[in-house]
Structures are given as C-alpha cells and as structure tokens.
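Visitor: Handing you a structure now.
The values are calculated or read from the model by the stated rules, or taken from the named source; none is laboratory data. Not measured: the values here are computed from a predicted model. Reconstructed Cβ throughout: ideal geometry from the backbone, glycine too, with neighbour counts over all protein chains shown. Accessible surface areas use protein heavy atoms only, side chains included; no ligands, DNA or RNA. Shrake-Rupley method; radii C 1.70, N 1.55, O 1.52, S 1.80 Å.
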Amino acid sequence: MGDGGSRDNVIGPVDPMKVPRFAGPATYARLPTLEAVGSAQVAILGVPFDRGVVYRPGPRFGPSAFRPRSTLLRPFTAWTRTEPFAPPGRLAGDVACTPFGIEQAIGEIEAAARSTYERASHILAIGGDHTIALPMLRAAAARFGPLALVHFDAHLDTWNTYFGGARYTHGTPFRRAAEEG
C-alpha cells in the first residue's frame, strides 16, 4: 500500500467496511488463524501462563486481553508508512498448558512453539509471565541454532533460584537459558 503495491495476495484482517470491528472473528487483529491458512511468516502465539510469578498474577489473561484491543489495527500505518500485515501474521491460538506444574507447563509451551515453527518462520508470543521466555528460547534455538538475546526489562531475570530451590520462575529464565547455551 505505501509503495502503491497491491495487497491482493495478502490475506489480512477482515475488511472493517464489510464487518464492523465489534463483530467478526475473535482473533488477534481479526486475522485468519494459522490453521485456516496453513502457514505464515509470523505466527502470533498466545501463552496464557503465570504460575512462575511470586507477586501479582495476571499475565495468563494477556492473550485474551490483546485480541479485542487489536481490532483497531489498520493494514497501513500512515505515521511510519508501513504495512504491519505484510508479511501477514497469523493467529496460532493459545498454548494449552497446565496452570499447576511449572516444569510440565514449560515442556508444553516448548512443544507448542516447536509445532508452530513447523508452519511459521517466526513467532510473536503474547502473554504469560517471564517464565515463558525459557521454553520459547528453547524452541527458537531448535529452529534457528545458537541465539543472541537482547533483554529490555527493569531486572535481568537471572536469579539462580527463588525461595530455597525453585529453579523455574519469572526471575530465572535467562539464567537457565545461559546455562543451556
């Protein structure tokens, strides 16, 4: 669009001139699902998990909170002159992981991310506490090989353990990732 090109080959959000923004699919930015289109360059994967926090749970509700707030995204951004849906993203759904066992959930999140990489070149994970970074990094390393990481946060998430031995929490994922190479 910004360069006068055609979006005919891009399967993007539902046309808001045909389906009002308060209706239509309940997906991120009203995009079709990865299952519906088969593959994508970018898959948007919801990770509703917050068992690793020690204070103020709630990140599990992130994926479901993002979806309705994304209905106003436009296929062209005038300020940056970019098309956020070219290459198009696809909603890969939410990871179905246990809300109880952290190590089990980490395995389920990694398995879901690896499965998503079979149909998408890249993943954008939404929701979850910082614990989810470890399984997402494991899946990315399996897909791409050794990774470099730039982490912007108020703290590093490199604690060794919490409360006398909890190795997998929101404060330890980058320590574990570094230990795993």
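Visitor: Any idea which of (1) under 17 Å from Thr27 (Cα atoms); (2) in contact (Cβ under 8 Å) with a residue 24 or more places away in the chain; (3) within 18 Å of the chain's Cα centre (by Cα) is the one Pro75 doesn't satisfy?
Guide: (3)
Visitor: Search region 45-71 for residues being of a type in the set (Val, Ile, Thr) and closer than 21 Å to Arg90 by Cα, and hand back the single one that is surrounded by the most Cβ atoms within 10 Å (Cβ to Cβ). Break it down into steps so the answer makes sense when it comes.
Guide: First pass over region 45-71, keeping only residues of a type in the set (Val, Ile, Thr): 47, 53-54, 71.
Now narrow it down to the ones that are closer than 21 Å to Arg90 by Cα: 47, 71.
Numbers: Val47: 28, Thr71: 20.
Once the filter is applied, the top-ranked residue is Val47.
Visitor: Under 7 Å by Cβ, and 6 or more places apart or on different chains, what pairs join a residue from region 157-176 that is in contact (Cβ under 8 Å) with a residue 24 or more places away in the chain and small (Gly, Ala, Ser) with one that is assigned to a loop (DSSP other than H, G, I, E, B) and open to solvent by less than 50 Å² (accessible area, probe 1.4 Å)?
Guide: Here the result reads Gly171/Asp157, each pair linking region 157-176 to a residue that is assigned to a loop (DSSP other than H, G, I, E, B) and open to solvent by less than 50 Å² (accessible area, probe 1.4 Å).
Visitor: Can you tell me which residue within region 149-166, out of those that are assigned to a loop (DSSP other than H, G, I, E, B) and within 14 Å of Val54 (Cβ to Cβ), is most open to solvent (accessible area, probe 1.4 Å)?
Guide: First, pick out the residues of region 149-166 that are assigned to a loop (DSSP other than H, G, I, E, B): 149-161, 163-165.
So of that shortlist, the ones also within 14 Å of Val54 (Cβ to Cβ) come out as 155, 157, 159, 161, 163-165.
On the way: His155: 89, Asp157: 4, Trp159: 158, Thr161: 47, Phe163: 185, Gly164: 86, Gly165: 45 Å².
Looking at the filtered set, the residue picked out is Phe163.
Visitor: Picking from Ala92, Ala141, which residue would you name as being open to solvent by less than 60 Å² (accessible area, probe 1.4 Å), in contact with an Asp or Glu (Cβ under 9 Å, 6 or more places away or on another chain) and assigned to a helix (DSSP H, G or I)?
Guide: Details: Ala92 fails: assigned to a helix (DSSP H, G or I).
Among Ala92, Ala141, only Ala141 is open to solvent by less than 60 Å² (accessible area, probe 1.4 Å), in contact with an Asp or Glu (Cβ under 9 Å, 6 or more places away or on another chain) and assigned to a helix (DSSP H, G or I).
Visitor: Being of a type in the set (A, V, I, L, M) and in contact with a Leu (Cβ under 9 Å, 6 or more places away or on another chain): is that true of Ile106 here? I'd like the intermediate steps shown before the answer.
Guide: Details: of a type in the set (A, V, I, L, M): yes; in contact with a Leu (Cβ under 9 Å, 6 or more places away or on another chain): yes.
Criteria met by Ile106.
Visitor: Taking region 25-44 as the search range and keeping residues that are hydrophobic (A, V, I, L, M, F, W, C) and surrounded by fewer than 20 Cβ atoms within 10 Å (Cβ to Cβ), which one is farthest from Ser115 (Cα to Cα)?
Guide: Of all residues in region 25-44, those hydrophobic (A, V, I, L, M, F, W, C) come to 26, 29, 31, 34, 36-37, 40, 42-44.
When the remaining residues are screened for being surrounded by fewer than 20 Cβ atoms within 10 Å (Cβ to Cβ), the result is 26, 36-37, 42.
Numbers: Ala26: 22, Ala36: 16, Val37: 15, Val42: 13 Å.
Within region 25-44, the match that is farthest from Ser115 (Cα to Cα) is Ala26.
Visitor: Here are some residues: Arg56, Arg21. Which one is more than 30 Å from Thr161 (Cα to Cα), of a type in the set (Lys, Arg) and assigned to a loop (DSSP other than H, G, I, E, B)? Let's see the steps before the verdict.
Guide: Numbers: Arg56 fails: more than 30 Å from Thr161 (Cα to Cα).
Step by step, each of Arg56, Arg21 is checked, and only Arg21 is more than 30 Å from Thr161 (Cα to Cα), of a type in the set (Lys, Arg) and assigned to a loop (DSSP other than H, G, I, E, B).
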